[in-house]
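Read-outs throughout are calculated quantities, based only on the coordinates presented, and are distinct from any laboratory measurement. Everything numeric here is computed off the predicted structure, so don't read it as measured data. With ideal geometry, Cβ positions are generated from the backbone for all residues, glycine too; neighbour counts draw on all protein chains shown.
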Amino acid sequence: MNPQRVVLIGGTGFVGRAIANRLAKAGIHARIPTRRRSRASDLLLLPNVDVIEADCHDPATLARLLQGADAVINSAAPDALAHLLAATPGGKGVDIAFDATGIEATVDLSVRSVKLDGSVVLIGNLAQHIGFPLQWVVTRQISLFGTCASAGEYNECLQLIADGKVDVEALISKSVPLSAGHEWITRVYNREPGLNKIVLLPEVEEVVA
């Protein structure tokens, strides 16, 4: 399958924006519905991307959006676990799950998405302490692994950026001085609309000759 026209639901979220960027780079036309088009100003700059103000929860509206589309990507699925299990043979779950966030909700999702005797690799560690489905892990004999090591993928990612295959500028909402970091990180943490990634710039003192 080589889709050329894609409807991207959830395209204004962080993951959705990254997907939209990759689709645009690949020359694939993306149609992105959103309830507030004004919050997707960065997406409007991408080639081959149409941002449409629409309510995807309305069946008639969704049907119109899907007309002429080759594929649909839903990065805003309300029940990710159900979708994951439905995509595996017999609904038994995946062999291995990787959690790169490290909060209670994503760790719980990873643990519940693997099959009996499956494995979960914990990479993210945003939360210092989380609630944990201990009985589920024990009774299903799930193996847990924690890691912060790299298998060399950093170089590959940097090369993708250098080659222009991944446009990180589309993911950066603001570049601010390091001294303003607390304020801006707080704004991102509070989910201020339109903010995704903030770059903190070191403040180098001028050297007087």
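Simple rule: put +1 on each Lys or Arg Cβ and -1 on each Asp or Glu Cβ in the range 132-198, find the dipole, and look at 193, 171, 137; the Cα lying farthest toward the positive end is 137. Working value for the range 93-132: equivalent-ellipsoid semi-axes of 18, 10, 7 Å, each the square root of 5 times a Cα gyration tensor eigenvalue, largest first.
The modelled label-to-label distance between residue 157 and residue 195, using points 7 Å beyond Cα along the C-beta direction, is 2.2 nm. Would you tally the net charge around residue 167, using a Cβ to Cβ cut-off of less than 14 Å, leaving residue 167 out, and scoring K and R as +1, D and E as -1? Net of charged neighbours comes to +2.
Highest average first, the peptides 114-123, 193-202 ordered by how many other beta carbon atoms sit within 10 Å of their residues are 114-123, 193-202. Taking a span of 15 Å or more along the helix axis (Cα atoms) and a mean Kyte-Doolittle hydropathy of at least -0.5 as the rule, the DSSP H helices of the chain that qualify are 14-25.
For the pair the range 110-145 and the range 155-190, the centres of their Cα atoms are 30 angstrom apart. Per residue, the convex hull spanned by the Cα atoms of the chain measures out at 194 cubic angstrom.
With the cut-off at under 19 Å, measuring from each backbone N in the range 107-146 to a point 7 Å along the Cα-to-Cβ line of residue 95 picks out 110-122, 141-146. Most tightly packed first, judged by the mean number of other beta-carbon atoms within 10 Å of their residues, the peptides 6-18, 124-136 read 6-18, 124-136.
Normalised by 2.2 N^0.38 Å, where N counts its residues, the alpha-carbon radius of gyration of the range 72-178 equals 1.30.
Helical runs (DSSP H, four residues minimum) scored at -39500 (n - 2.57) apiece and divided by the length of the chain put the mean residue ellipticity at 222 nm at -8500 deg cm²/dmol.
Charge dipole (Cα centre; +1 on Lys/Arg Cβ, -1 on Asp/Glu Cβ; no other charges) of the chain amounts to roughly 680 debye. For the pair residue 14 and residue 125, label points projected 7 Å from Cα toward Cβ lie 1.8 nm apart.
The packing ranking of peptides 182-189, 48-55, highest mean first, is 48-55, 182-189, where packing means the average number of other beta carbon atoms within 10 angstrom of each residue.
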